[in-house]
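**Q** Input: one structure, supplied below.
The values are calculated or read from the model by the stated rules, or taken from the named source; none is laboratory data. Predicted model, so just to flag it, every value in this text is computed and none were measured. Cβ: placed from backbone, ideal geometry, glycine included. Neighbour counts: every protein chain shown.
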Amino acid sequence: MKSWILAVVAVVLAAGPLAAQDVHLGVGVDLGIPTGDFSSSTAGGYSQSYNTNLGARISASFPVDRNLAVRLSLGGTTFTGTAGFPDGTSTNLQDDMFTLGGEAQLFLANGNAARHIGSYLIGGAEVDFERFSASTTDPNFDPYAVANRTRMALVAGFGHSFRTYGRGRWTMEAAYHKTLTGVDTPNGFPPADYLRLSVGMVF
């Protein structure tokens, strides 16, 4: 069985027992800053690069004890870029990404998972459903080449949930997304490695 199928099954199985906990629902906006080959790569005269983008995310954080919570999330984003060919021509690139993630949130000494307050470390995995497209039409994207890929990624980072009045909390996070599977940069499938800066609300 493929690894991404196992990951999805694990998330679904975990959702039942976790639902009995005091869940904190969240919404946020992500700023994705490509790094490494996702930012820019060149091979045999062919070059490609992707730009910084905005995305959105919803989440559900389930406290396990005072300092630990398990978070399930759904996210969507679109990276756009350009490709250059040895003959001097260029084309537009697009990577539409839908993510299903499962992460642990380890709240530090000043934090509280049940109240979702304070600083916390983030670590987990995501299943990325990606649609790579290429087009010569801009700004109305009209793809002439499309390929779908499902890939696994690791996510690690740091966050802080700010105290407010009532149940709502402002949150800020910085995390790194690292693609693990399905990488084929020379054929147009670079790893979607990027720094994710997020701001949002948790309730």
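**Q** Would you please name the residue that is modelled with the highest pLDDT, looking only at residues in segment 98-116 that are surrounded by 20 or more Cβ atoms within 10 Å (Cβ to Cβ) and closer than 15 Å to Thr164 by Cα?
**A** Taking the candidates together, the pick is His116.
**Q** Would you check which residues across segment 151-170 are in a strand (DSSP E or B) and over 13 Å from the mean Cα position of the chain (by Cα) and list them?
**A** Phe158, Gly159, His160, Ser161, Phe162, Arg169, Trp170
**Q** Give the residue, chosen from Arg131, Arg115, Arg151, that is of a type in the set (D, E, K, R) and out of contact with any strand residue (DSSP E or B) (no Cβ under 8 Å at 6 or more places or on another chain).
**A** Selected residue: Arg115, the only one of Arg131, Arg115, Arg151 that is of a type in the set (D, E, K, R) and out of contact with any strand residue (DSSP E or B) (no Cβ under 8 Å at 6 or more places or on another chain).
**Q** Test each condition in (1) buried (at least 16 other Cβ atoms within 10 Å of the Cβ); (2) part of a loop (DSSP other than H, G, I, E, B) for Asp30 and report the one that comes out false.
**A** Exception for Asp30: condition (2).
**Q** If you don't mind, another one. Restricting attention to segment 171-203, which residues are farther than 17 Å from Tyr120 by Cβ, out of contact with any His (no Cβ under 8 Å at 6 or more places or on another chain), not in a helix (DSSP H, G or I) and not hydrophobic (A, V, I, L, M, F, W, C)?
**A** Passing the criteria: His177, Lys178, Thr179, Thr181, Gly182, Asp184, Gly188, Pro190, Pro191.
**Q** Shifting gears a bit: Being among the charged types (D, E, K, R) and part of a strand (DSSP E or B) is the filter here, so list the residues in segment 33-56 that pass it.
**A** none
**Q** Here's something else I'd like to know. Kindly establish whether Ala125 is touching a helix residue (DSSP H, G or I) at 6+ places or on another chain (Cβ under 9 Å), crowded, with 16+ Cβ neighbours inside 10 Å and in a loop (DSSP other than H, G, I, E, B).
**A** So Ala125 fails the test.
**Q** Looking only at segment 167-187, which residues are exposed (fewer than 15 other Cβ atoms within 10 Å of the Cβ), within 17 Å of Gly81 (Cα to Cα) and either aliphatic (A, V, I, L, M) or touching a residue at least 12 places away in the same chain (Cβ under 8 Å) (or both)?
**A** The one that is exposed (fewer than 15 other Cβ atoms within 10 Å of the Cβ), within 17 Å of Gly81 (Cα to Cα) and either aliphatic (A, V, I, L, M) or touching a residue at least 12 places away in the same chain (Cβ under 8 Å) (or both): Pro186.
**Q** Among residues belonging to segment 25-48 that are in contact with a helix residue (DSSP H, G or I) (Cβ under 6 Å, 6 or more places away or on another chain) and not aliphatic (A, V, I, L, M), point out the one that is farthest from Gly200 (Cα to Cα).
**A** Among those residues, the one meeting the criterion is Ser41.
**Q** Taking the residues in segment 188-200 that are crowded, with 16+ Cβ neighbours inside 10 Å and over 22 Å from Ser49 (Cβ atoms) as candidates, determine which candidate is farthest from the chain's Cα centre (by Cα).
**A** Going through the qualifying residues, I end up with Gly200.
**Q** Still on this structure, I have one more. Mind checking which residues of segment 144-167 are out of contact with any helix residue (DSSP H, G or I) (no Cβ under 7 Å at 6 or more places or on another chain) and among the hydroxyl-bearing types (Ser, Thr, Tyr)?
**A** Tyr144, Ser161, Thr164, Tyr165
**Q** Sticking with this structure for a sec: Answer with yes or no whether Ser73 is crowded, with 17+ Cβ neighbours inside 10 Å, among the hydroxyl-bearing types (Ser, Thr, Tyr) and within 20 Å of Gly200 (Cβ to Cβ).
**A** When the stated conditions are applied, Ser73 passes them.
**Q** Now, a different point. For a quick check of your reading of the model, give me the residue pairs whose first member lies in segment 78-93 and is surrounded by fewer than 16 Cβ atoms within 10 Å (Cβ to Cβ), whose second is part of a loop (DSSP other than H, G, I, E, B), with beta-carbon atoms closer than 6 Å and at least 6 apart or on different chains.
**A** Hits for this filter: Pro86/Gly45.
**Q** What number of residues in segment 20-40 are touching a strand residue (DSSP E or B) at 6+ places or on another chain (Cβ under 7 Å), more than 16 Å from Ala175 (Cα to Cα) and small (Gly, Ala, Ser)?
**A** Of the residues in that region, 3 qualify.
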